[in-house]
1. Which one of Ala219, Ala187, Ala234 is out of contact with any His (no Cβ under 8 Å at 6 or more places or on another chain) and crowded, with 24+ Cβ neighbours inside 10 Å?
2. Of (1) over 30 Å from Gln59 (Cβ atoms); (2) in contact with a Lys or Arg (Cβ under 7 Å, 6 or more places away or on another chain); (3) surrounded by fewer than 22 Cβ atoms within 10 Å (Cβ to Cβ), Asp247 satisfies all except one. Which?
3. Applying the selection to segment 161-185, what residues are farther than 22 Å from Ser74 by Cα and either in contact with a Lys or Arg (Cβ under 8 Å, 6 or more places away or on another chain) or of a type in the set (D, E, K, R) (or both)?
4. Could you check segment 187-202 and list, in sequence order, the residues that are at pLDDT 95 or above and outside any loop (DSSP other than H, G, I, E, B)?
5. Select from segment 222-231 the residues that are in a loop (DSSP other than H, G, I, E, B) and among the aliphatic types (A, V, I, L, M) and write down the one among them that is surrounded by the most Cβ atoms within 10 Å (Cβ to Cβ).
6. Working only within segment 156-184, note down all residues that are within 14 Å of Arg107 (Cβ to Cβ) and surrounded by fewer than 17 Cβ atoms within 10 Å (Cβ to Cβ).
7. Can you name the condition, by its number, that Thr172 falls short on among (1) assigned to a strand (DSSP E or B); (2) touching a Gly at 6+ places or on another chain (Cβ under 7 Å)?
8. Within segment 191-207, how many residues turn out to be among the aromatic types (Phe, Trp, Tyr) and more than 25 Å from Gln313 (Cβ to Cβ)?
Amino acid sequence: MRRILAHVRFGAPLLLVPALVLAACGPSLSGDDDDDDVVQVDAGQHTGGDGGDPPATEQCRKMDLIFVVDDSGSMSEEQTNLASNFPMFATLLNSYTISTGEQLDYRAAVTTTGVTASGTQVLPPPFSTSLPFNQTGMDGRFRTVSGMPRTWLERTDPNMATTFAQAASVGTGGPGLEMPLRAMELAIQPTTNAGFIRPDALLGIIILTDEDDCSFRQASGITINSLEGCVGTAGIPAVSEFLTPLDQIKGDRGRWAAAIIAGQTACTSSFGDAVEGVRLKQFQQAGGTNVVFGDICAGNLQGALTQALDSFQAACDNFPPID
């Protein structure tokens, strides 16, 4: 996040997020027969029904994936990792069939953590000064590159994996105040990306960021009182507020799932330094079994990736039917 001071370094370089989390409906794609790590969707988390018997479920056949990729100045290595790993996951998705023998109908889109905003950063001692900031972001709009027939990609598109890798290379010139939860909220709105979200598809959100969340809904008058992090900052919405738009868009909490890769603690990995994703961990806790958190400090993507795949599988296995 490097806060607003994009060109000023306080301490070690920013956190680095290793890579992509992708998932699929149905049986685990991780290649691991051990079910201990499978995250089951709690029927009590469903927003539909009358509170009596658990709602009926069916296996999902469709998945709509949104990748929210940090495009701040320290993200070069992570984006390279994302681009190099996606073809492997596209192969898994392309080869997957559900219990009826049908292939998974999926689509994938990319946006960034950048949200347009302005305000003031108040620096604590020994600096004791204030600096204005004004940043421009994608505001949840999907990123397109040459070869994309629309603002997202589908399994049947030519060179899908290669094109997605290009789209996921979002660059490092984005805002220094990352707002992944707000970008997610904007991305799922029909007015932002019309036609993307299908009622009968599992919505999967994958957040890749090298810092903690600092999501404001207001576009101006923001005041930041720290060098790093926005926990407890006046005016910032509670992370639980960002669950409601997901529930509303999908009509039931059982029809969406999310995976986050960020810092479980402040750490140093092979990609550099990571800060603790305090608000992102709070979002995971508020979302319960709908959200998994992968620790980038482990230095190996396999654990977080397997966790994400299994959690998306569980969501698909418990997908509430559409009335």
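1. Among Ala219, Ala187, Ala234, only Ala187 is out of contact with any His (no Cβ under 8 Å at 6 or more places or on another chain) and crowded, with 24+ Cβ neighbours inside 10 Å.
2. All conditions are met except number (1).
3. Glu185 - this is the single residue of segment 161-185 that is farther than 22 Å from Ser74 by Cα and either in contact with a Lys or Arg (Cβ under 8 Å, 6 or more places away or on another chain) or of a type in the set (D, E, K, R) (or both).
4. Ala187
5. Restricting to residues being in a loop (DSSP other than H, G, I, E, B) and among the aliphatic types (A, V, I, L, M), the top hit is Leu227.
6. Thr156
7. Just one mismatch for Thr172, condition (1).
8. Going through segment 191-207 one residue at a time, the tally reaches 0.
The values are calculated or read from the model by the stated rules, or taken from the named source; none is laboratory data. Small disclaimer: the values here were computed from a predicted structure and weren't measured. Virtual Cβ from ideal backbone geometry, glycine too; neighbours counted across all protein chains shown.
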